[in-house]
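A short write-up of the structure that comes next.
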Amino acid sequence: MIALLSGSRLAGRWDATRAVTLGLVGGYVDTVGYIMLRGLFPNHVTGNLPIAAAHPGRQAIPLLIMVPLWLAAVIAAAGAAGRIERRNSSAVLPVILGAEALLLGLFLVMGVALIPDRDASTLVTQTVVGAAGVCAMGVQSVVTRLGGYAFPTTMVTGTLTLLGMDSAQALFGAQPSGERAVVVRRVKAFGKVVLGFAVGAALGGLMAAVVQFWAIVLPLGAVAMCAWGQARVDSRH
């Protein structure tokens with residue numbers, strides 16, 4: 001939808017930093033949501049389907065709602081990005097990242113107000129609060145594509161697959177040295193995002209146990225910094 005960022009040294013460094021940061025946010029938010037929303041994934045939304053199948057009945061309704069809601073958030077974010085691009089292409093990523101930050105802020109505020117501890121959610125509050133988290137992560141999935149990444153920073157099972165395939169190619173494939181260097185760079189990028197997701201998941205579990213929904217302050221701040229950093233990088237081009 002928009003071109004990959006300029007290849008300048010500043011943009012390249014920021015692009016890599018943002019990818020790892022968003023990977024960490026993806027793991028963190030998923031874990032906090034799973035703990036505080038009684039097993040609802042705000043990020044790996046397709047994971048809600050087998051959980052709903054294993055626990056049929058009224059309790060499955062919030063889990064099932066999250067899948068089309070994710071899709072709706074992606075469509076809305078991608079449509080907004082297209083409209084913004086036609087007016088000012090350099091504003092697309094900062095604005096969409098800002099939208100994600102606003103949704104995470106909503107997730108935080110509603111979570112703190114409606115679900116003060118991990119056993120406090122009802123079907124209604126699970127749905128309402130979970131919707132904000134799911135929409136935020138759906139928007140982040142759009143950011144990944146807008147940033148030109150060949151890998152997700154939200155549902156990183158696909159990134160892990162790409163990491164494995166490229167690792168095999170780097171270890172056992174017969175290719176020119178220049179092509180091998182490209183593969184090795186991809187392996188490093190994939191590995192950093194997967195590691196960031198794992199670290200985020202671990203940190204999210206710890207923070208949810210200590211401060212409940214206030215834990216969302218950290219990913220909110222991280223995404224807000226990403227939006228500010230992206231605006232700063234784009235202003236130099």
ask   = Measuring from centroid to centroid over Cα atoms, what is the spacing of the stretch 154-216 and the stretch 93-145 in Å?
value = 24 Å
request  = For every helix of n ≥ 4 consecutive DSSP H residues, a contribution of -39,500 (n - 2.57) applies; sum these over the chain, divide by its total residues, and give [θ] at 222 nm rounded to the nearest 500 deg cm²/dmol.
outcome  = -26000 deg cm²/dmol
message = So for the stretch 19-118, averaging the separation of alpha carbon pairs under 8 Å that are six or more residues apart and normalising by length, what relative contact order in percent results?
response = 20 percent
request  = Mean Kyte-Doolittle of at least 1.0 plus a Cα span of 18 Å or more along the axis: flag which DSSP H helices in the chain meet both, please.
outcome  = 61-87, 92-114, 123-146, 177-211
Where labels lie 7 Å past Cα in the beta-carbon direction, separation of Val109 and Leu171 in nm = 4.9 nm
remark   = Expressed in nanometres to one decimal, the distance between label points 7 Å along Cα→Cβ at Arg86 and Arg118 is 4.8 nm
ask   = Which of Leu93, Leu146 comes first, and how do the rest follow, when ranked by fewest Cβ neighbours within 10 Å?
value = Leu146, Leu93
request  = For Thr17 and Val184, compute 0.36 nm times the residue count separating them, minus their Cα-Cα distance, and round to one decimal in nm.
outcome  = 58.3 nm
query = Rounded if a/c is under 1.5, else prolate if a/b beats b/c, else oblate: with a ≥ b ≥ c from the C-alpha gyration tensor eigenvalues square-rooted, which is the chain?
reply = prolate
task = Order by neighbour count: Leu203, Leu218, Leu63, fewest other Cβ atoms within 10 Å first, most last.
result = Leu203, Leu218, Leu63
message = Pick from Gly111, Gly39, Gly196 the residue whose mean-square fluctuation is largest in a GNM of the chain, springs joining Cα atoms under 10 Å.
response = Gly39
query = Size of the stretch 16-120 along its principal axes in angstrom, Cα-based, largest extent first?
reply = 47, 27, 24
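Where a number appears in this text, it was derived from the coordinates with a stated rule and is not lab data. Please read these numbers as outputs of a predicted model, since none were measured by experiment. Here the Cβ is made from the backbone with ideal geometry for all residues, glycine too, and neighbour counts use every protein chain on show.
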